[in-house]
Each structure stands twice: as structure tokens, then as C-alpha cells.
1. Among the residues of segment 174-196, how many are more than 22 Å from the chain's Cα centre (by Cα) and either buried (at least 16 other Cβ atoms within 10 Å of the Cβ) or at pLDDT 95 or above (or both)?
2. Is it the case that segment 280-292 has a residue that's among the hydrophobic types (A, V, I, L, M, F, W, C) and assigned to a strand (DSSP E or B)?
3. Name every residue in segment 242-279 that is part of a loop (DSSP other than H, G, I, E, B), closer than 19 Å to Lys290 by Cβ and hydrophobic (A, V, I, L, M, F, W, C), in order of residue number.
4. Surrounded by fewer than 21 Cβ atoms within 10 Å (Cβ to Cβ), outside any helix (DSSP H, G or I), in contact (Cβ under 8 Å) with a residue 60 or more places away in the chain and not assigned by TED's automatic domain parsing to the domain that holds Leu46: does that describe Leu522?
5. Whether any residue in segment 486-507 is at pLDDT 80 or above and assigned to a helix (DSSP H, G or I) is what I want to check.
6. Just to be sure before I move on: is Val25 of a type in the set (A, V, I, L, M, F, W, C), at pLDDT below 95 and assigned by TED's automatic domain parsing to the domain that holds Arg125 in the structure I sent?
7. Residues to consider are Arg152, Arg114; find the one that is buried (at least 17 other Cβ atoms within 10 Å of the Cβ), of a type outside the set (S, T, N, Q) and farther than 24 Å from Ile357 by Cα.
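The values are calculated or read from the model by the stated rules, or taken from the named source; none is laboratory data. Bear in mind that the values here come from a model prediction, so they are computed numbers and not experimental data. No Cβ is skipped: glycine too gets one built from the backbone with ideal geometry, and neighbour counts run over all protein chains shown.
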Amino acid sequence: MTEFVFKGKEFVHNHHLSIPHRPLVPDASKSILPLETDGQAPPARLDGNLIIHGDNLHALKSLLPLYGGKVDCIFIDPPYNTGNEGWAYNDNVNSPMLQAWLKENPVGIEDGLRHDKWCAMMWPRFKLLHELLAETGSFWMTLDDNEVHRARGMLDEIFGEQNFVACCIWHKMDSPKNTAEFFSVDHDYLLVYAKNLKSWEMNLLPRSSGMLARYKNPDSDPRGPWLLSDLAARNFYAQGQYSIKTKSGSVIDGPPAGSYWRVSESKFYELDADNRIWWGEGGGNRPGIKRFLSEVKDGVVAQTIWNWEDVGSTRNAKQYLSEILGAATGQELFITPKPIELVQRVIDLATNENSIILDSFAGSATTAHAVLAANVKDGGNRQFILVECENYADTLTAERVRRAIHGYAFKGNQREELLRQPLTFTDLKKAHESGGVLDQIAGIENLEKYRFDKIEKKLKDGVLTVEGVKAVQEKVDGLGGSFTFCTLGQPIEMEKLLSGKDLPSFPALGALLFHTATSEVLEVAQIQTPDANGLAKLGESSAWHVWLIYRPELAFLNAPESAFTLDKAKAIAATTADKADGKRHLVFAPARFVSQKVLRDAGLSMVEYSPLPWALYRAERS
């Protein structure tokens, strides 16, 4: 494969490896925590919905011990690098050239290296996102013409070009820009990659109310509603030329000019004998094939053209954000929010009811809002992780999620489009027929009337739209849910651990140690509460039971109580005395008062010690 090259690549190629681990520090005052049975809020946890305020490169590195290889869907909306966004290159890479870039911020249209800077910023983030993604996961990113081709080059190299899925077109503008010099640019791109295309499956899209309304049962077929499919097709078929005698006695000499019957003559009469051919009410129409709703797939295959009517426009998105936040934030609203329908489409295609969805350029928190709405829709338990580096992470990003959870003040009509269909003269002539336009509208009204106060029908410029309208008098109902708001703590530097400065919490240090030693992800729920001696089991990997003796107190770390002893080794070994899993015990502690030889002589060779701080300890992979 051809290597993609940009200025500075040699300096950032492995920059993600040098990023220090910074623990996630929960802030309960900015979080929404679920109440326990006693009505009290529990301690903030890191195994649920997260909103992280901090540099996304550092945040992604901090997520690795907890979520490496576990994220099912990544959706990001990075800077498009138009030259007018005012973004800054701020990665502290040890290179004179890149250090000079730090002094040239923000990156503007006149910057001759702005494309190289964008690539240098995105490369290490792509690398960490790739590490966080599950083997069955997928990556989705919106961009425009400024960087989409460069992004393809980097992603082909990092993900492997064999894992490229599609480049979708999002028709984002609901009206042209008449001020454009040449063309009104009405679209963005959505790049889609799989972590491993061979193990990834994309969902079908659910059928809309309009689609379902097209299925009818005018002949009361016991197999249920059906949709008429044309018997003729354009593709050449050697057995697709034959005459057909209709039920009324007339003869159809053959398929229309330039087409072929899509089934052979014998197959046609076999279908007819099974009442799968429709001849029309009088029996004299050109026959069609009945496709039963009960026999088709549960959804429809997604297309690469995403129309704003289906997934929202930029104008709709900003209007919706204004309804939620208004002027209450005390700041200018996010300029380029993504429509919630766009992210909902990604969620529909790429997730299941228990998926983890990550957005490391969170912005206005559309991704979190879409996840909460998806859970309400199907009763799912999807989890979101948002990362936002800007100062509005609390006042805008998290605030939108709070309002989505609790509800927000609003007075007016909320609308949901149920059908959009261009009408032809033929449609109008057949409007009163079974399956015609009026029949479709009646079906939608019957299915959706319970969700809305009224169903509105409009015909403008030859396009029929049907909308459900719900009047909201005071407040939009909340979606429910919770999240933990986090910041990034000071880097964990093992060589300075016993200095007592910026000591990490037990879970933060434990997650890092577990991941470093086993190359596996720690389940936060596995971590036990340390006993009086600061000892607790961190978790269980494929090859080890991992333990830690630690308290974030310098006096304890320097005291004899923090040492690994023979008695502690016996107690640890006893926890698996009745198991035959073949796993050994790995114990991290600031000091030890027992040698490995003594442990072997005592029959405790399955217990192994690793010092804190330690130069670099990594257990051999099984």
C-alpha cells in the first residue's frame, strides 16, 4: 500500500505512545448521578456515561485502561480546516519544527502548512481511536472537501484500506446559498471504516411509517400485507421473453420494450398458482409480483446518499439547539452543530442496545442526546463517552445533556416528518387506488395519530410532506439517564510516586497498572474496596489475578503496613485455593518483606511481586 506522507509525520507517527496517563477525575457537582434505593446519590463512577473536559489526545490515552478495544462505535466531527475556524495546533511534540508551530496559532487560511498541521493533529488521535475500537466496531467521521482526501490517506494506513466501508454524502443544506461565487456547496462527507471488516456487521434501517403504509392487502391474503413489485426488469434475462395471458383473457405479447420478465415462464406460473401474482382488481392489468411484509427483511439497506429530509440539515440543527439552550448559557451558541437525526442514523446502523459510543470532538453533545433518545426508543442501555477540550464543556456540552435528561422549557409545536414524496402525474391519477398516495396518508394517520396532536399534510413544489405535530405548552419531557463529568488529573509518573505529589486514586492507579501489566482492559466494577492494609484485587485478566497494595497517602506508602508480606501472600493465594484456572497472582506494592525464594519454599510460587514505583513491568502475554 502507498504510504501517505505529510510534513511532520516522522515526529507524530508514534506520538500517542509518549502521551502520559492522566487519570479521569470525576466532578459530582457537574454530573447527574442515578439515585440508589435509599435515595442517595452514589459515588461518581467511570463505567457509565462520561463527559470529559480536557485535551482529547490525553483523554483518549486515559480511556485506554478502561475502554481499550471495547468501543463499538466512534463518531467524530473534527475541525474541517476551512481556514476560518481558528483552531490551534497544540500537541507538545519534541521537535523544533512542531514547537515552532505552537507559536503560529491559530491556524488560518494564509497558513501554507495548515493541511500538514491538521494531519499532524489527527494522526495520533486516529491511532488511539483505533486502539479503543472493538474488533467488531466501526468509525464514522464527517468532513468536507478541505481534508477528506487526506483523511482517507491516513485512515487507509491506520485502519487498513481493506477496512474502508463507504464515503457517504450528507446533503446538509435545505436551500442553496445564493451568495456562493460558483457552486452552492450543499454536502459534507461521512467516512466509514470498520476495525475489521470481516467481523463487522451493519444493521438495516427501520422502515418508516410511509414505507409500511405502502403494504396493503386488497385481496385479504392470509399471509398479510404486501407490496406490488414490477415483473419487468431492465437486466437481460435469457428466459425473460414470453407472452402472458391475463385473467380477463387478453394477451400481453411480452415485457415492455428494452426490458425482460424477471422470472422464467415456469416460475411465473408457479408464483401465480401460489397467489403471488396480482392482476389488478379486474384481472386485466399487467401482472406484478406480491412481496409480503412478513417475508422481507426487517429493514432496508442504507444508501450512500443521505438527504437532509431524512437526517436533518445544518439550519435545523442550530434551530433545535437554540430551542434546547436558548440564551440561558450566556454565550454564543455552537456555530456548526450536527443534527440529532444524522447521529441517530449512525446509531441505527452501527450499534446494538448495549453498545458504547465515543465522540472525542463532542461540541454541542449531539451524540449524547442521540444515544439517550435511542435508549428511550428501544429500551436499550447504550453508553456514551464525550470528550470536549473547549471551555464550554460544562456550560454547553454537558448542559445540553442535562436538559436532554431532565427536560427543558419550551412553548410551541414540535414537528416530526413522517413522509416526504415527490408526486408525479401518475401518482395523482392513482391517488384513490389501493396503495396510492391517499391510501399511504391514511395508513400513516392510523399508525401515528396516537403520538401526535395532529397530522399535517402539505404539497409544495410537487413534493408531498406529512408531519406529526405535538403542541408543547411549558416543558419538553426529559429522556432520563445519567452521566459523570470528569476532568483530567495530573500525569501519573511512577518515578515520582513516592514523592507524595499528585497521588492518584486507588481506581486510577489500579486501572493503569492492570492495563500496563496485562495489555487488557480493567472492568471498574471488578475493583474491590481496599482493606485496612490497603490491599484489594484489581481484577482478573486472561492470565493473571492482579492485586494492589496502595493508599493515596504518603505516610502509608512509606510505612511498613504498605509492604508485601508472607501473610498477605498466603491470604491472596487462599482466594483461589479451590480453583484450577492456572492463573497466577500479580501483586503491586511499594515494598516487600518476603523474597520470591521464600514464597517458592512456602508453596506460594503462584504469587508474584512487582514494585511501586517500578521501572517498567509488563507480564508476559499468555
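1. Narrowing segment 174-196 to residues more than 22 Å from the chain's Cα centre (by Cα): 174-186.
Okay, now just the ones that are also either buried (at least 16 other Cβ atoms within 10 Å of the Cβ) or at pLDDT 95 or above (or both), so 186.
Matching residues across segment 174-196 total 1.
2. Residues of segment 280-292 that are among the hydrophobic types (A, V, I, L, M, F, W, C), as a first pass: 289, 292.
Now narrow it down to the ones that are assigned to a strand (DSSP E or B): 289, 292.
Taking every residue of segment 280-292 in turn, at least one turns out to be among the hydrophobic types (A, V, I, L, M, F, W, C) and assigned to a strand (DSSP E or B).
3. Kept after step one, since they are part of a loop (DSSP other than H, G, I, E, B), are these residues of segment 242-279: 242-243, 246-250, 253-259, 262-264, 274-276, 279.
Now restrict to residues that are closer than 19 Å to Lys290 by Cβ: 246-248, 255, 262-264, 274-276, 279.
Matches in segment 242-279: Val263, Trp279.
4. No; evaluated as a whole, the condition is false for this residue.
5. Here is the first cut: in segment 486-507, the residues at pLDDT 80 or above are 486-492, 503-507.
Remaining after also requiring assigned to a helix (DSSP H, G or I): 506-507.
Within segment 486-507 (the criterion being at pLDDT 80 or above and assigned to a helix (DSSP H, G or I)), the answer is yes, since at least one residue qualifies.
6. Values: of a type in the set (A, V, I, L, M, F, W, C): yes; at pLDDT below 95: yes; assigned by TED's automatic domain parsing to the domain that holds Arg125: yes.
Judged against the criteria, Val25 is a match.
7. Numbers: Arg152 fails: farther than 24 Å from Ile357 by Cα.
Step by step, each of Arg152, Arg114 is checked, and only Arg114 is buried (at least 17 other Cβ atoms within 10 Å of the Cβ), of a type outside the set (S, T, N, Q) and farther than 24 Å from Ile357 by Cα.
Residues are listed down the side, and each one gets a yes or a no for (1) outside the structural domain of Pro255 (by TED's automatic domain parsing); (2) without any contact (Cβ under 8 Å) to a residue 12 or more places away in the chain; (3) touching a strand residue (DSSP E or B) at 6+ places or on another chain (Cβ under 9 Å):
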position: Gly288; (1), (2), (3): no, no, yes
position: Trp308; (1), (2), (3): yes, no, yes
position: Val311; (1), (2), (3): yes, no, yes
position: Asn316; (1), (2), (3): yes, no, no
